[in-house]
Amino acid sequence: MKITSNITKVSFLFFLFFLGMNLNTVFAQESYIATSEENEYFPLVSEAGSAAIHIDENDFKGVHRVAEDLQKDIKRVTGNLPELLRNSEVSSGTPVIVGTLGKSRLIDQLVQNKKIDVTKIQGKWETFAIKVVKDPFEGVEQALVIVGSDKRGTIFGMYDVSEEIGVSPWYYWADVPAKQSDVLYVQPGTHSKGTPKVKYRGIFINDEAPALAGWVTENFGGFTSGFYEHVFELILRMQGNYLWPAMWGRAFYDDDPKNPVLADEYGVVIGTSHHEPLMRAHDEWRRFGEGGWNYNTNPENLREFWRGGIQRMGDYESVVTVGMRGDGDEPMAEGTAIELLERIVEDQRQIIAEVTGKPAEETPQVWALYKEVQDYYDQGMRVPDDVTLLLADDNWGNIRKLPNPKEEPREGGYGIYYHFDYVGGPRNYKWINTTQISRVWEQMNLAYKFGADELWIVNVGDIKPMEFPTSFFLDYAWDPEKIGAGDLWKYTENWAARQLPEEYSEEIADLLLTYSKYNSRRKPELISPETYSLINFNEAERIVKEYRDLEKRAEAIYEQISEEYKDAYYQLVLFPVKASVNLNELYVSAAKNNLYAEQGRAAANKYADKTEELFQKDAELTEQYHTELADGKWNHMMSQTHIGYTYWQQPDQNNMPEIGKIKVPEKAEMGVGAQGSKNVYTRSGATTTLPTFDPFNDHEFYVEVFNTGRKSFDFKIQKKEDWIEVSEEKGTVEDQKRLLVSVNWEKAPKGQTRGSFRINGTGKRITVEVPVNNPENENIKGFVENSGFISMEAANYSKNNKENESGWELVPNLGRTGSAMTSFPNEPTQQELSENSPYLAYNFHSFSSGEADVEFYLSPTLDFRNQGGLEFAFSIDNKEPEVINMHEKTEDNWNTSVANNVTKVRTTISIEPGNHTLKIWAIESGVALQKIVIKTGEDKDSYLGPPESAKVK
């Protein structure tokens, strides 16, 4: 029989890489930029110099501004600054011609003379084409034409060239150096990314104090146009088009009148957040409002306030938020009537129509179904059909509601408000990136398939350090059909290659995906000394080791990477890894101090000291980020408090976990503790027991010999069975020593048996029992029961039985421990369970008989259909499948699910010893299965659950 254990890192990377080899994906296409000359290539920069950039003087101001950025970008890459000419004639050379259809005489002349075909972009939203054109004008041999269907189409075309030649959208925000090249050529043909599938794609700057607020105040004197210039450029370079500006104590229009002017010039569409109606910032009511924020008692003043917002908006491209929440992002007063809210929207639309002088439906509007507002909708509240319904997640990345595919489409469509950062229950999370792009993909893919494609906006907090997920969110929004679940690894590798040296891109991609996976298990603000088990499965130490291994790999690249990339690498990779490692080890160290103090171990004091050192190191890492990174450019940016939360809101400062020191006597005294038990023994003649060994999992369990005194002592192992192996048979203990115990299976007896050995020291003899299950049965297949459980990662199924290639699909890296299988991700599906329904099969072997508990670990997906819960089914062997409603069958409330980033669904089965098959049947879209645990023995508490059992093929 062949035994396999958990997927190794190398095989997992290969697995992900294989899935990512979809050559149809836009991110796997070769660049149209070359660094060597070939026939018919356009010389953007050659040994002869740079091609001049020509732009019509009548084109949009934003196009002119971005043409200057393209000019600078070419210099960043080559050191060669091309000439920028604002004219309507080109008579010689090999020019770059940039322009917008209908705004550039140069472009329109090329169209008229049939030198370029624009039928595929004309009339389209934000669409560009980049084409090498022969003989565009008399005397001109060749030109590179960048043409846009509209202002942003042209802007996106130029920024696409910038990124392709080697300038990252994060060149300012993460100090990413430009890729250097002496020459640049554009390959012949037409290059385009098509029309974006999601119309409005943007970010929300939120929860910005003290980090971003401190940085902005120091560098720009406030949230002024100097700051927003960098924001607008970043959004457009990532080919987004939409912004909700900073709002807590800020007012985009009022803080600097240049802000909206600059946004309009750039072409960034401005909106206001879910609780800021009619283009008025929340803080403006404090500044200018009269009376209470209550439409029942103060309607006239509120209408006048809102009217001022629309008047000030003028012709600036905007999406107007309608509706009303309570003051300060709070719910409306209890008992608020739907009729009142509908009247508020009606009155607001009347203001829009009166001020703009055109029907209200001609001004884009959005109504955000955020928090309690969704309840109003579910109870029957409606707004006019042209208003976009902005559906929301639960602030933790789980979408609350999606459109009903059976309903008629809305004229205004649907959008999604998503979160990478949040202030609220069960805890704030805003310090560091904790977002898995696999979860973003899984949830936003559902949103797109269900028809929410009008507007996508994501709360990015302080912008930094959410660089990677923000890039993904906006890239995915451009065309969700181009990035499948199997493309996520390749996307990450390509993103890494664009920001950092390409030779490290595979390793950096793994670091990005792995650290964000580890951080997503539980937000840093939610971790405490009690989070991970010190007793079962070696969980706490295993987690620290995983982080430490990640840190070693990250530091190794930092040592090798060239100097100009060190700042960018530190921001994007090394700091989040080091800070996360330190934080997790800090809490585990505090946990050990607390446990060892309770047990009387002398080592308790060592871990008290270590906890203090790690707490200090956190402060040092923050200081290094603020003062040394990029010569202090990012001062304040890592100042969000993140240690010592006791309730949802942040503490005023980081607070070290509680530790205690014990009085340690001089005299040495031996104690013994075994893995799997909190009990320790200091009395001579006592017995402790290790977990059960078996040849399939081939465990190495540990015994700790510890000291309760200051003086060291010697110990010695005494054993009868030669099949028991102990890493050290004698030695000296200062504070404590870990002995690894294993079994020599060539010598071990068959069947279930117990061996033992004694530990002698300080005049005591303590026995350690070694239970063994070495079955004679060779007909064992599947995952093998061990120590009272069978644990199976969802991705490691025995069979995936699909129906017409539809059913369960792998989402790599989704979940807390492995990858997830999600049901029907390719189209909205809800079907009756039948024998033809697709299923996953898992073979397993049980040594136990009787009733067993089964836990399905699921991603905390919400009932987005609002039909009472999402369903799947399971069956054992040939028994009738049992339908499970994941929202009815769980004991976890919402707080528990989002804090643990998993929903556990529990049921019971009856089994006999032998081989079995568990089948998981797909019924409807949206269920994401991470792991299955069958418990045949006593419950062993741990955060992540039992590690995967060995599998016999």
Q.
What are the ³J(HN,Hα) couplings of segment 425-430, residue after residue, when phi is run through the Karplus curve with 6.51, -1.76, 1.60 and θ = phi - 60°? Round to Hz, x for glycine and proline.
A. x, x, 8, 4, 9, 8
**Q.** Residues of type aspartates and glutamates that Lys711 reaches as a straight line, Cα spacing below 17 Å, ignoring anything fewer than 8 places off in the same chain
**A.** Glu666, Glu669, Glu734, Asp735
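By count of other Cβ within 10 Å, fewest leading, how are Ser834, Ser50, Ser505 ordered? Kindly include the intermediate steps, with their values, before the conclusion.
On the way: Ser834 10, Ser50 22, Ser505 18.
Taking fewest neighbouring Cβ atoms as first place, the list is Ser834, Ser505, Ser50.
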(Q) I'd like to know which of Ala630, Ala568, Leu526 lies farthest towards the positive end of the charge dipole of segment 522-632, counting +1 on Cβ of Lys and Arg and -1 on Cβ of Asp and Glu. (A) Leu526
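Are there any trypsin sites (Lys or Arg not before Pro) in segment 351-431 that are in a DSSP loop and have at most 12 other Cβ atoms within 10 Å? List them by number. Intermediate values should be presented prior to the final figure.
Values: sites: Lys371, Arg382, Arg400, Lys401, Lys406, Arg410, Arg427, Lys430; in loops: Lys371, Arg382, Arg400, Lys401, Lys406, Arg410, Arg427, Lys430.
For trypsin sites (Lys or Arg not before Pro) across segment 351-431 that sit outside H, G, I, E and B with at most 12 neighbouring Cβ atoms in 10 Å, the list reads Lys406.
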Q: Place a +1 charge on the Cβ of each Lys and Arg in the chain and a -1 charge on the Cβ of each Asp and Glu, then give the dipole magnitude about the Cα centre in debye, rounded to the nearest 20.
A: 2700
Q: Provide the net charge surrounding Phe874, with neighbours chosen by a C-beta distance below 10 Å and charges set as Lys +1, Arg +1, Asp -1, Glu -1.
A: +1
Q: Give me the distance between the Cα centres of segment 722-775 and segment 905-953, rounded to whole Å.
A: 31
Q: Sort out for me the Cα centre separation of segment 236-251 from segment 300-376, rounded to whole Å.
A: 20
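Compute the length gained on full extension between Asn298 and Glu503: take 0.36 nm times their separation in residues and subtract their Cα-Cα distance, giving the result in nm to one decimal. Show your work: numbers first, answer last.
Numbers: separation 205, 0.36 × 205 = 73.80 nm, distance 6.31 nm.
Contour length minus the Cα-Cα distance gives 67.5 nm.
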**Q.** Projected-area mean, segment 38-152, by convex hull of Cα positions, square nanometres
**A.** 6.9
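Using the C-alpha gyration tensor of the chain, what are the square roots of 5 times its eigenvalues, in whole angstrom, with the largest one first?
In descending order, the three semi-axes are 54, 32, 30 Å.
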Q: Return the sequence-ordered ³J(HN,Hα) values of segment 51-63 in whole Hz as given by the Karplus equation 6.51 cos²θ - 1.76 cosθ + 1.60 applied to θ = phi - 60°, using x for Gly and Pro.
A: 5, 6, 9, 10, 9, 5, 5, 8, 5, 4, 4, x, 5
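Which loop-located GluC sites (Glu not before Pro) does segment 733-839 contain, where loop means any DSSP state but H, G, I, E or B and the Cβ has at most 15 other Cβ atoms within 10 Å?
Details: sites: Glu734, Glu746, Glu769, Glu776, Glu778, Glu785, Glu793, Glu803, Glu805, Glu809, Glu832, Glu835; in loops: Glu734, Glu746, Glu776, Glu778, Glu785, Glu805, Glu832, Glu835.
Sites meeting the loop and neighbour criteria: Glu734, Glu746, Glu776, Glu778, Glu805, Glu832, Glu835.
Quote the charge dipole size of segment 670-774 about the Cα centre in Debye, to the nearest 20; the model charges only the Cβ of Lys and Arg (+1) and of Asp and Glu (-1).
Details: 16 positive and 14 negative charges, 118 e Å.
Dipole of segment 670-774, to the nearest 20 debye: 560 debye.
Taking the Cβ of Lys747 as the center, what net charge do the other residues with Cβ under 12 Å away carry, scoring Lys and Arg +1 and Asp and Glu -1?
Values: positive: Lys750; negative: Glu721, Asp722, Glu725, Glu746.
Spelling it out: positives minus negatives among the neighbours equals -3.
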Q) Just going by the charge dipole of the chain, with Lys and Arg at +1 and Asp and Glu at -1 on Cβ, which of Asn80, Gly412, Phe783 is farthest out on the positive end? A) Phe783
Q. Given segment 642-724 reduced to its alpha-carbon atoms as identical point scatterers, what log10 I(q)/I(0) does the Debye formula return at q = 0.20, 0.22 Å⁻¹?
A. -1.01, -1.11
Q. Quick one: Cα centre-to-centre distance for segment 148-175 and segment 87-103, in angstrom?
A. 19
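Could you give the length gained on full extension between Asn885 and Glu57, defined as 0.36 nm per residue of separation minus the Cα-Cα distance, in nm?
Details: separation 828, 0.36 × 828 = 298.08 nm, distance 6.27 nm.
Difference between extended and current length: 291.8 nm.
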Q: Output the relative contact order of the chain, whole-number percent, from Cα pairs under 8 angstrom with separation of 6+ residues.
A: 10
Q. So for the pair Ala353, Asn895, with labels modelled 7 Å out along Cα→Cβ, what separation do we get in nm?
A. 4.6
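For each pair in Lys606/Lys678; Lys406/Lys889; Lys523/Lys633; Lys517/Lys545; Lys75/Lys115, compute the distance between the two Cα atoms and list the pairs where it is over 22 Å. Show your work: numbers first, answer last.
Values: Lys606/Lys678 19 Å; Lys406/Lys889 27 Å; Lys523/Lys633 27 Å; Lys517/Lys545 15 Å; Lys75/Lys115 29 Å.
In this structure, Lys406/Lys889; Lys523/Lys633; Lys75/Lys115 lie more than 22 Å apart at Cα.
Name the trypsin sites (Lys or Arg not before Pro) in segment 622-728 that are in a loop by DSSP and that have at most 16 other C-beta atoms within 10 Å, would you? Don't skip to the end; give the middle numbers.
Working: sites: Lys633, Lys661, Lys663, Lys667, Lys678, Arg683, Arg710, Lys711, Lys716, Lys719, Lys720; in loops: Lys633, Lys661, Lys663, Lys667, Lys678, Arg683, Arg710, Lys711, Lys720.
Sites meeting the loop and neighbour criteria: Lys633, Lys661, Lys663, Lys667, Lys678, Arg683, Arg710, Lys711, Lys720.
Defining a contact as two alpha carbons under 8 Å apart and six or more residues distant in sequence, what relative contact order in percent does segment 200-483 show? Walk me through the numbers on the way to the answer.
Details: 487 pairs, mean separation 54.0, N = 284.
Averaging sequence separation for qualifying contacts and normalising by length gives 19 percent for segment 200-483.
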Q: Report the label-to-label distance for Asp863 and Thr646 in nanometres (one decimal), using points 7 Å from each Cα along the Cα→Cβ vector.
A: 3.6
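Roughly what % of DSSP beta bridges within segment 782-952 run antiparallel, to the nearest 5? All intermediate terms of the calculation are to be shown ahead of the outcome.
Working: 52 of 54 bridges.
The antiparallel proportion sits near 95 percent.
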Q) For the chain, what is the mean residue ellipticity at 222 nm derived from helices alone (per DSSP H run of n ≥ 4: -39500 (n - 2.57); sum divided by total residues; nearest 500 deg cm²/dmol)? A) -9000 deg cm²/dmol
Q: Mind giving me the FRET efficiency for Glu728 and Glu47? R0 is 56 Å, r the Cβ-Cβ distance, nearest 0.05 is fine.
A: 0.25
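How do Val147, Val544, Val320 line up, fewest other C-beta atoms within 10 Å first? Let's see the in-between values first.
Working: Val147 29, Val544 18, Val320 25.
By the 10 Å Cβ count, ascending, the order reads Val544, Val320, Val147.
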Q: Could you pull out every one of the aspartates and glutamates with an alpha carbon less than 17 Å from that of Lys430, ignoring same-chain neighbours closer than 8 positions?
A: Asp207, Glu208, Asp393, Asp394, Asp421, Asp462, Glu467, Glu525, Asp618, Asp652
Q) Gly326's amide H: which non-local residues (gap 5+, or another chain) put their own amide H closer than 5 Å, with H modeled 1.01 Å from N in plane and none for Pro or chain starts? A) Met332
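The numbers here are math on the coordinates, done by the rules we state, and not lab data. Note that the structure is a prediction, hence the values are computed from the model and not measured. All Cβ positions, glycine included, derive from the backbone under ideal geometry; neighbour counts span all protein chains shown.
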